[in-house]
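The next block holds one structure in the form of structure tokens; read it before the comments.
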Amino acid sequence: MSWPYDAQRLINRLKRHWEEWFTFLTYPEVKPDNNDAERALRPIVIHRKVSGGARSDWGAELVTQMFSFLETMRLQGQNAIVQLCELFSLAGRSPPGLEM
């Protein structure tokens, strides 16, 4: 049977990407959507819209790192302020084992 061109393209694409698109069928712990990722990005998008975005590459990188840190602390159930204070208190010290 000969399929119309667009249908054949779709069939070929499904064959090529089946495992990556349908991973959730084999691994139940993998969700079939990306809602978690979308929700994680939402605060960053809102910040960008409210603030007008970063005015420089440096500012964009700073905001990216800040949100990454805050989200990591939230996911680990840690207090971001406490962790920042600890990081700042360690900033001037040598790593353990390298004291001079």
Can you tell me which residue in the range 50-87 is surrounded by the most Cβ atoms within 10 Å (Cβ to Cβ), limited to those that are within 19 Å of the chain's Cα centre (by Cα) and modelled with pLDDT under 85?
54
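Is it true that residue 39 is surrounded by 11 or more Cβ atoms within 10 Å (Cβ to Cβ) and out of contact with any Asp or Glu (no Cβ under 6 Å at 6 or more places or on another chain)?
Values: surrounded by 11 or more Cβ atoms within 10 Å (Cβ to Cβ): no; out of contact with any Asp or Glu (no Cβ under 6 Å at 6 or more places or on another chain): yes.
Here the answer is no, as residue 39 does not meet what is asked.
The values are calculated or read from the model by the stated rules, or taken from the named source; none is laboratory data. Given the structure is predicted, the values throughout are model-derived calculations rather than measurements. Cβ atoms come from the backbone with ideal geometry, glycine included; neighbour counts cover every protein chain shown.
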